[in-house]
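First up is the structure itself, then whatever we jot down about it.
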Amino acid sequence: MDNSVDDFWRMIWEQKSPTIVMLTKVFEGKVNRHISMCIVNVKYTPIIMLQKKCEEYWPRSLSEPFVPSPKSSLVVELKSSSQFPEFVVRNMFLKQVSTLIYITSNKYFYIAANKEYLR
């Protein structure tokens, strides 16, 4: 997955996409309660089984630009981030380093994304 991040941002740049919608979580999984319930007189500790669904392809903070790959000519900067109960909205600038041209893109990340809703 991480080898597609540069291609993803190049596609956003070429198509001048103003909006990105993410319908999956970076990690998805469930708590496995059956394993620890079989042991008697042992403190209950659920086991969380996570599976990586996608790469983090956005900046983590306002002060840290994101470079998709070492050879990339693009840089992604986070300008603002707004947290809501069901989703996060991130406003980002995508800049081409050699020309200093940039486009603005809004990313909508649905926290409550669930496979049942995507059918």
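The values are calculated or read from the model by the stated rules, or taken from the named source; none is laboratory data. Bear in mind the structure is a predicted one, so any value in this text is a computation, not a measurement. As a convention, Cβ positions derive from the backbone with ideal geometry for all residues, glycine included, and neighbour counts pool all protein chains shown.
Give just the number: which of (1) under 30 Å from Asn91 (Cα atoms); (2) out of contact with any Lys or Arg (no Cβ under 8 Å at 6 or more places or on another chain); (3) at pLDDT below 60 does Met1 not satisfy?
Of the numbered conditions (1) under 30 Å from Asn91 (Cα atoms); (2) out of contact with any Lys or Arg (no Cβ under 8 Å at 6 or more places or on another chain); (3) at pLDDT below 60, the odd one out for Met1 is (2).
Return the only residue of Lys30, Lys53, Lys25, Lys16 being touching a strand residue (DSSP E or B) at 6+ places or on another chain (Cβ under 9 Å), basic (Lys, Arg) and modelled with pLDDT of 85 or more. Let's see the steps before the verdict.
On the way: Lys30 fails: modelled with pLDDT of 85 or more; Lys53 fails: modelled with pLDDT of 85 or more; Lys25 fails: modelled with pLDDT of 85 or more.
Checking each option against the conditions leaves just Lys16.
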